[in-house]
1. Determine which single condition Pro33 fails, assuming it passes every other condition in (1) in a helix (DSSP H, G or I); (2) farther than 30 Å from Thr5 by Cβ; (3) not polar (S, T, N, Q).
2. Restrict the check to the stretch 30-40 and report whether at least one residue is surrounded by 15 or more Cβ atoms within 10 Å (Cβ to Cβ), free of Cβ contacts under 8 Å to residues at least 12 places away in the same chain and of a type in the set (Lys, Arg).
3. If you check Ser49, Ser92, which single one turns out to be among the small types (Gly, Ala, Ser), modelled with pLDDT of 95 or more and on the phi < 0 side of the Ramachandran plot?
4. Any idea which of (1) surrounded by fewer than 13 Cβ atoms within 10 Å (Cβ to Cβ); (2) of a type outside the set (Val, Ile, Thr); (3) touching a residue at least 40 places away in the same chain (Cβ under 8 Å) is the one Gly11 doesn't satisfy?
5. If I filter the stretch 41-69 down to residues being among the β-branched types (Val, Ile, Thr) and without any contact (Cβ under 8 Å) to a residue 12 or more places away in the chain, which single residue comes out as surrounded by the fewest Cβ atoms within 10 Å (Cβ to Cβ)?
6. Could you tell me which of the residues Ala10, Ala41, Ala54, Ala16 is of a type in the set (Gly, Ala, Ser), within 24 Å of Leu78 (Cα to Cα) and out of contact with any Gly (no Cβ under 9 Å at 6 or more places or on another chain)?
7. Restricting the search to the stretch 40-92, which residues are touching an Asp or Glu at 6+ places or on another chain (Cβ under 7 Å) and among the small types (Gly, Ala, Ser)?
8. Looking for something charged (D, E, K, R) and in contact with a helix residue (DSSP H, G or I) (Cβ under 8 Å, 6 or more places away or on another chain) - is there at least one such residue anywhere in the stretch 10-28?
Amino acid sequence: MMFSTFESLAGGIALALLSSALFVAFFRLARGPSLPDRVVALDLISTISVAIIAVYTIITDTPVLLDVAIVLALIAFLGTVAFARYLEKGVS
């Protein structure tokens, strides 16, 4: 499927915006004042990575990469749930 100039431009803009959001999330990961802030930033980084993979999949028309995005999203979800349970139990 060939894309017109508009779709290519929209994909490029989306990737640029997602890349800048990824940079801001990395900044929060490095400067986060507490551990929960850093974990939320790490979860945001994984979510943005899934979005970047999805946009790249649409631009290049390679649906195989969607499997990678789904696996990454599932692993990020499990990590978030594990950290929430850790915070709920507290440190003994």
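The values are calculated or read from the model by the stated rules, or taken from the named source; none is laboratory data. All figures in this text were calculated on a predicted structure; none of them were measured in a lab. In this analysis, Cβ positions are derived from the backbone assuming ideal geometry, glycine residues included, and neighbour counts consider all displayed protein chains.
1. That leaves (1) as the condition not met.
2. yes
3. Details: Ser92 fails: modelled with pLDDT of 95 or more.
Going through Ser49, Ser92 in turn, just one is among the small types (Gly, Ala, Ser), modelled with pLDDT of 95 or more and on the phi < 0 side of the Ramachandran plot: Ser49.
4. Looking at each condition in turn, Gly11 falls short on (1).
5. Initial filter on the stretch 41-69 (among the β-branched types (Val, Ile, Thr)): 45, 47-48, 50, 52-53, 55, 57-60, 62, 64, 68.
Those left that are additionally without any contact (Cβ under 8 Å) to a residue 12 or more places away in the chain: 60, 62, 64.
On the way: Thr60: 11, Thr62: 10, Val64: 7.
Applying the filter and picking the extreme gives Val64.
6. On the way: Ala10 fails: within 24 Å of Leu78 (Cα to Cα); Ala41 fails: out of contact with any Gly (no Cβ under 9 Å at 6 or more places or on another chain); Ala16 fails: within 24 Å of Leu78 (Cα to Cα).
Every option except Ala54 fails the conditions.
7. Residues of the stretch 40-92 that are touching an Asp or Glu at 6+ places or on another chain (Cβ under 7 Å), as a first pass: 76, 80.
Residue satisfying the conditions is Ala76 alone.
8. There is at least one residue in the stretch 10-28 that is charged (D, E, K, R) and in contact with a helix residue (DSSP H, G or I) (Cβ under 8 Å, 6 or more places away or on another chain).
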